[in-house]
1. On a 0 to 90 degree scale, rounded to 10, what angle separates helix 15-27 from the longest Cα axis of the chain?
2. Quick check on the chain: of the DSSP beta bridges with both residues there, what percent are antiparallel, nearest 5%?
3. Which is the longest run of the chain containing none of the GluC sites (Glu not before Pro) found in DSSP loop states (not H, G, I, E, B) with at most 13 other C-beta atoms within 10 Å?
4. Just list whichever of Lys23/Lys50; Lys138/Lys205; Lys50/Lys186; Lys169/Lys205 have alpha carbons separated by over 24 Å in the model shown.
5. What residue among Gly177, His100, Leu142 has its Cα farthest toward the positive end of the dipole of the range 94-219, where the charges are +1 on Lys, Arg and -1 on Asp, Glu, each on the Cβ?
6. Report, by chain and number, residues whose modeled amide H sits under 5 Å from the one on Ile119, excluding near sequence neighbours (fewer than 5 apart, same chain).
7. Over the Cα atoms of the range 101-168, compute the convex hull volume and normalise it per residue, giving Å³.
8. Taking the Cα atoms only, what angle lies between the long axis of helix 2-11 and the longest principal axis of the chain, rounded to 10 degrees?
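Bear in mind that the values in this text are calculations on the coordinates, not laboratory data. Being a predicted model, the structure only gives us computed values, none of them experimental. Don't worry about glycine lacking a Cβ; one is built from the backbone with ideal geometry, like all the others, and counts go over all protein chains shown.
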Amino acid sequence: MIFDDIIHSIAEGESEETLELTKQALAQGFSATSILEKGLITGINIVAEKYRKEKVNVPEVLMATHSMHAGLSVIEPILTAPTKKGLGKIILGTVAGDLHDIGLSIVKAMAMSAGARIIDLGVNVTPKKFARAVRKEKPDILMISALLTTTMSVMKDVIVELEVQGLRKDVKVIVGGAPITDAFAKEIGADYTFEDAFQFRDFLKENLSKLLTSKRNSS
Ligand code: B12
């Protein structure tokens with residue numbers, strides 16, 4: 001089964017192979033979303049779990065990440081089909097001091113599959129950089145990721161920076177990442193948090209147009 005091969009290629013960090021297999025899966029008629037969920041996400045989750053159990057080391061994780069991104073590069077253009085354009089703009093990034101971007105890449109792919117336009121600021125993004133991007137791009141949603149308990153508090157700094165610059169009311173803020181709880185999101189004044197990319201995708205499919213309408217009405 002081609003999904004097993006994709007998973008295996010990610011686990012082995014064979015990025016060229018992941019790229020080719022993803023192309024093959026598309027050619028065989030599998031949807032970009034199914035390749036994402038059953039191949040790329042499953043593959044990277046397996047490697048993440050092995051790392052947690054100390055069965056693989058940092059270089060293997062980085063090679064697996066590279067492979068997942070190679071696969072993502074093939075399906076990303078399909079996830080953001082031109083027919084879906086106009087469904088809102090999302091800025092996303094991982095907070096300053098934090099280099100984890102695997103989870104956010106998956107969330108990004110889900111947002112693309114829901115039809116949103118994405119501006120990815122990458123990792124290690126300072127509150128001022130987030131605010132500058134919000135001022136310039138006027139997104140509907142700002143999505144912030146943190147994977148470390150030591151960097152979670154930077155999410156609060158981002159929200160404070162938006163408030164100081166008078167930008168907070170114009171954008172919905174969604175926070176996420178393994179250590180983020182509902183209580184934490186509420187405490188720092190975020191609008192939403194989701195446990196994983198699937199929960200977020202379901203929310204987005206239901207609510208993106210509502211979010212856009214409420215923004216237009218309030219502006
Ligand atoms: C891969 C990994 C790394 C890679 C990162 C590579 C990369 N490009 O991202 C490398 C090796 C570089 C790394 C480095 C470090 N890491 Co690390 N890492 C992990 C690991 C194994 C997996 C994380 C991951 O990618 N999971 C897979 C993805 C799919 O899951 P996810 O990130 O949770 O994302 C999902 C959800 O959280 C959610 N989500 C994520 N972001 C967002 C954002 C929004 C808006 C929403 C809605 C949802 C959402 O949706 C995602 C998809 O479903 C975790 C352990 C684990 N199992 O979680 C440790 C872990 C996060 N790392 C940890 C640590 C301590 C570090 C280091 C300090 C050094 C170290 N001792 O390893 C450095 C820090 C570097 C830095 N400054 O950031 C700790 C954090 C402990 C803590 N509580 O703070 C963990 C938990 C490991 C552990 N048990 O000790 N790490």
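1. Its long axis makes an angle of about 90 degrees.
2. 0
3. The answer is 55-194.
4. Where the Cα-Cα span goes over 24 Å, the pairs concerned are Lys23/Lys50; Lys50/Lys186.
5. Leu142
6. Counting only residues 5 or more places away or on other chains, the set is Ile90, Ile91, Leu92.
7. Taking the convex hull of the Cα positions in the range 101-168, it is 80 Å³ per residue.
8. 80
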